[in-house]
Amino acid sequence: MSSSRGTGRQYWVAIRAMIVLTIVVGVIYPLVITGVGQLAFAAQANGSLVKVNGTTVGSSLIGQSFTDAKGNAIATWFQSRPSAAGKGYDSGASSGSNYGPENPTLITSIADRKKAIESLDGVTASQIPADALTTSASGLDPQISPAYALLQVNAVAKARGLDPSKVKALVESKIQGRDLGYLGEPTVNVLQLNIALAEMSK
Amino acid sequence: MYFWLFIAQVATLVLILGLLYRPLGDYMATVYTTRKNLKVERGIYRLIGVNPDSDQTWPVYLRSVLAVSAIGILIVYGMQRLQQFLPYSLGLPAVPEGLSFNTAISFVTNTNWQSYSPEVTMGYTVQMAGLAVQNFVSAAVGIAVAIALVRGFALRKSGTIGNFWVDLIRGTIRILLPLSIIAAIVLLAGGVIQNFNGFQHVTTITGATQSIPGGPVASQEAIKQLGTNGGGFFNVNSAHPFENPTPWTNIFAIILMLAIPFALPRTFGTMVGDKRQGYAILATMGTLFIASLVAMTLFEFDGSGTAPIAAGGAMEGKETRFGILGSTLFATSSTITSTGAVNSMHDSYTALGGGVAMINMMLGEVAPGGVGSGLYGILVIAIIAVFIAGLMVGRTPEYLGKKLGAREMKLASLYILATPTLVLVGTALSFAIPAVRADIEKTSMWNPGLHGFSEVLYAFTSAGNNNGSAFAGLTANTPWLNSALGVVMFLGRFLPIVFALALAGSLAAQDRVPATAGTLPTHKPQFIGLLIGTIILVSALTYFPVLALGPLAEGLR
C-alpha cells in the first residue's frame, strides 16, 4: 500500500517537474535565444538572405537549381549539383537520394549525368569531378567544388558571349578556401557566383 | 594532403576535449555531490514537491526515472495529437497515432529516431516545447543514472543512491542549459537560423520560386548535439545548411556531441576518489573512437562500390562544404556517441563505411557513448572484464573495492544481453513473419538486395542502442516499424537502466574491501587492453553473423 502511494506521489512530482522544465527549457530558453539572434545576429538568424537591388532572391546557404521548368540546365547559368530534394532543390523537402553504392538507379543516373555534362560543357567524362555526378546529403547544397565551377566556364561564357578568361577570373575570385585553412573543402557558392555573373554581363 | 588534414582535425578534437576534460568533469562531479542548492533550484523543489535532502533507495530512484519518462511520453504524444490547436503549427494537422507513439518514445529515450520528415509533419511548438524539452530531460536522465551507478562504487554501506529529482534538475539547470545557451549563440553566429517566420517565398534570379524555411533551430541544435540526442529540425538533419552551415560549425557540433561523454570519466574518477580510474576509462573510449574513425575514413576515401567508382569518389549523399573527411568525422562521432545526427546520408556510404557506422552502435554506445548512458554502459562492461580476469586467475573479482558476486554478475550479464536481443529479434521478426516481410520488402526497403537488408538491420541497431541515425532510405512510417522500433527503443533504454540502477543499489550497500596483492589493478594499460577486448568480444560474437548478411556481404563481394 505504502509502495503504491509512493509510486503515485512520484507521478505527481513528475507531472509538475515536466511542466516546470517545459516552461524553462521549452519556452523561455528558445525565446531568449530568438531574442539574442534577432538583436545580435539578425542576418544569420533570418536565413542569410541574399538581395539583388533590394529584392530577396534566395539564401546564401540554401542551394537553388538553375534549370528551366522541365529541369533542363539553362546554359547561361552555372549549374548546382544534382539534387534529390523533391523535384530538385525543393527547400520544403530536404532530402538525399539514399541510394546505396550498388543501387542500379544511382549507377544509371551517374552515367546519364556524365553524358549531359559532356554535351552541355563540352568536356570529357574523365574531367568531371564527383560532386557534379552525385546528389548531396541535403538536396540543398549551396556549393560546388572549384573543379566543377571551372569546368563550366567555357560553356557559360559562350552562352553569354563573354570572354572565357574573364569568367574564369570571376570563378577564381569566388572560390572559398577551407575554414581556418584546414576544415572542410574549398567551395564555390553557386548563387553568389551567378549573381556576380549577371552583374558582369550587364 | 588528406592525411595531414585528418591529423590536424583529430588534433583539434583531442586538444579541445583534453582542455575540457578536467574542468568539465570536475564541475559535473561538484554538481552531483554538493549539498548546496541554488535559489532557483530551491524554488523548483518547492513547486514540484521534492525535499532535496532526502535520498532515495534504488527502487525509488528507478520509479522516479520511469515516472518522469512515462509522463514525458504522454506529453509528447499528446502535443503531436493536438498539433492543429497549437500555435506556430504552420497549418500542419495532428500527427497520426502510430507515428506519434514512435516519436514520443524516440525523444524520451534519447534516441531521436525520426520516422517522419519534420518540414511536413512537425510545427514549431511541437519541436520546441515538446521534442526539444525531451532533448534536455532525456540527457539529464542519462547523466543521473550514470551518476547513481558511480555513487554505487563511491558510497559504503549505503541504502540510498541519491535523489533523482535533484540530479535531474541540477543536470538541466547547471550543466545542460548554460552550455546550450553558449552553444546556441555560437551557432547563431555561424549562420544557424532562429526565427518564427514560417516559409518565406522568394523569386530567384532565374524567375523560379523558392520557399525558404524558418524555425527556432539554433536553440534546438545546441541541445540536440550536447545531449547526444540527434533529432533534426529538418529532414536531412545536420546536412541541412540551416542546421550546419559551415565546416567550422560542423566541427563545433562534433565537439558538442563529444564534450560531456568524454568528460564523464573524469567525473567518475573524481567521485570514486581515484582519478586514474577515470583516465583508464577515457583511454579505452578514446582508443576505440580513433580506431573506428580511421576505419570509416579509409573506407570512404577508398570509395569502393560500383556507384562511387563511376562517380570518381564517394560523394553521393555528402555535402560539398564538408567533403569526405568532414562527413566521416561527424558520422563516427554521431554513431559512436548515440547522438544519431547525420551530416551525410549513411545509406549512400560505401558498404564497409556504412558497416562501421553500424559497428559503432553495436559496440553498445560506450566509446564514449551517449551522455551518461556511455559511462554506465562502459562501467558495466568493466565489471564483465574484471570478472573474466577473475576467472582466469581464480579469485573473487572486485572493482573499485566492491566485490562482484553472483547478484552483480547476473545484473551485468542481463545488461549486456538486453540490447543485442532486442536488435536481433526485431530484425529477425521483420523477415520471419511473412506478412511483415512482404510489407518490409514492398514498402519500407528503398535499396534492393543486401543493402535493403542493411537498412532494416541498421534501423533496429539504431533503435535498440538509442542512437537514432538511419539508413534513411528506409520508409519507417509503417505500422510494423513504428510499433516494433518504438518497443525496441523503449526496452533498449529502460531495461539497461533497470539493471544499472539495481547494480548501483547492490554496490552501494557493500562496504569497500581494501585492495590486496591479488587485486587486479584497473587503471593500468593491461586493464585498458582487457576492457577494449571485452567490448569488442561481446559485440563481435553477438553481431558478426548478422553483419555478414548485410554490409560485409555487400562490401566484400
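The values are calculated or read from the model by the stated rules, or taken from the named source; none is laboratory data. Predicted, not measured: the structure shown is a model, and the values here were computed from it. For neighbour counting, all protein chains shown are included, and Cβ atoms are generated from backbone atoms with ideal geometry for every residue, glycine included. Surface accessibility is based on the protein's heavy atoms, side chains included, excluding ligands, DNA and RNA. Shrake-Rupley method; radii C 1.70, N 1.55, O 1.52, S 1.80 Å.
Here are the numbers for this structure:
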item	result
Gyration tensor verdict on the protein assembly as shown (Cα atoms; rounded if a/c is under 1.5, prolate if a/b is larger than b/c, oblate otherwise)	prolate
Paramagnetic label zone (point 7 Å from Cα along Cα-to-C-beta, A:Ile19; backbone N under 12 Å) in the range B:31-68	B:47-49
A:Leu180-A:Asn53 FRET efficiency (beta carbon distance; Förster radius 30 Å; 0.05 resolution)	0.30
Extension gain from B:Lys524 to B:Asp302, taking 0.36 nm per residue of separation minus the Cα-Cα distance	76.3 nm
Whole-Hz couplings from phi, Karplus 6.51/-1.76/1.60, listed for the range B:140-148; x for Gly and Pro	5, 5, x, 5, 4, 5, 4, 5, 4
Chain B: angle of helix B:217-226 to the longest principal axis, Cα-based, in degrees nearest 10	40
Rough spin-label spacing in nm, given labels placed 7 Å along Cα→Cβ, for B:Leu19 and A:Thr124	5.0
For the range B:30-38, 3J(HN,Hα) per residue [Karplus equation, 6.51 cos²θ - 1.76 cosθ + 1.60, θ = phi - 60°, Hz, x = Gly/Pro]	5, 3, 8, 10, 5, 8, 7, 10, 5
Cα long-axis angle, helix A:29-40 against chain A (0 to 90 degrees, to the nearest 10)	40
A:Leu31 paired with B:Thr206, simple spin-label distance in nm, labels 7 Å along Cα-to-beta-carbon	4.3
Shielding score for B:66-79, defined as the mean number of other chain Cβ atoms within 10 Å	4
Estimated 222 nm signal from helices in chain B, with DSSP H stretches of n ≥ 4 weighted -39500 (n - 2.57), rounded to 500	-21000 deg cm²/dmol
Selected from A:Val24, B:Phe6, B:Phe471, residue furthest toward positive end of dipole (the protein assembly as shown; charges at beta carbon)	A:Val24
Using θ = phi - 60° and Karplus 6.51 cos²θ - 1.76 cosθ + 1.60, couplings along the range B:233-242 (whole Hz; Gly, Pro as x)	6, 10, 4, 8, 6, 6, 7, 5, x, 7
Near-label residues of the range A:175-202 by backbone N, under 15 Å of a point 7 Å along Cα→Cβ of A:Asp163	A:200-202
Inter-label distance for B:Ala189 and B:Ala432, nm, one decimal - labels placed 7 Å from Cα along Cα-to-Cβ	5.5
Angle in degrees between helix A:190-201 and the longest Cα principal axis of chain A, rounded to the nearest 10	40
Rounded percent of accessible protein surface that carbon and sulfur make up, the protein assembly as shown, 1.4 Å probe	65
Inter-chain shielding of A:53-61 (mean C-beta neighbours from other protein chains, 10 Å cut-off)	5
Tail weight of P(r) past 30 Å, computed on alpha-carbon pairs of chain B, percent	47
Dipole moment magnitude, nearest 20 debye, the range B:346-437 about Cα centre, only Lys, Arg, Asp, Glu C-beta charged	360
Two-decimal ratio, the range B:186-290, of alpha-carbon radius of gyration to 2.2 N^0.38 Å	1.47
Euclidean distance of C-alpha centroids, the range B:180-216 and the range A:135-202, integer Å	23
List B:Trp113, B:Trp248, ordered by accessible area with a 1.4 Å probe, largest first	B:Trp248, B:Trp113
FRET efficiency estimate (nearest 0.05) - Cβ-Cβ, B:Val487 to A:Lys87, R0 45 angstrom	0.75
Exercise: per-residue mean of other protein chain Cβ atoms within 10 Å, B:380-389	0
